[in-house]
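The values are calculated or read from the model by the stated rules, or taken from the named source; none is laboratory data. What you are looking at is a predicted structure, and each value in this text was computed from that prediction instead of being measured. Neighbour counts run over all protein chains shown; Cβ positions are idealised from the backbone, glycine included. Keep in mind that these areas ignore ligands, DNA and RNA; they rest on the heavy atoms of the full protein, side chains included. Shrake-Rupley method; radii C 1.70, N 1.55, O 1.52, S 1.80 Å.
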Amino acid sequence: MSTKDVIAANLRTLRKVRGLSQPELAAKVGISPRTIARLEAAQGADPSINHVRDLARALGPTQPFYGLQS
């Protein structure tokens, strides 16, 4: 599985867990809903580090998501 595929799967999962639509997440991050859709589908170029950072901040992943225990 490529890095892009991992990011796509994790992004989609976290977005759904947080109860956000693609447009809602896009608005929080300041990117287009189309960009969110493309990232979740692992389409196009690799996501920029800035997008990954901004998405992580907006979604605020929990420790169990990373396999860590509290």
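For the range 4-40, state which trypsin sites (Lys or Arg not before Pro) are in a DSSP loop and have at most 15 other beta carbons lying within 10 Å of their beta carbon.
Details: sites: 4, 12, 15, 16, 18, 28, 34, 38; in loops: 18.
Hits after loop and neighbour filter: 18.
The GNM of the chain, with springs linking C-alpha atoms under 10 angstrom apart, assigns the highest mean-square fluctuation among 45, 58, 27 to 45.
If you count only protein heavy atoms with a 1.4 Å probe, what accessible area per residue comes out for the chain, rounded to a whole Å²?
Numbers: 4530 Å² over 70 residues.
Accessible area per residue: 65 Å².
Given axes a ≥ b ≥ c from the Cα gyration tensor, I'd like to know whether the chain is rounded (a/c under 1.5), prolate (a/b larger than b/c) or oblate.
oblate
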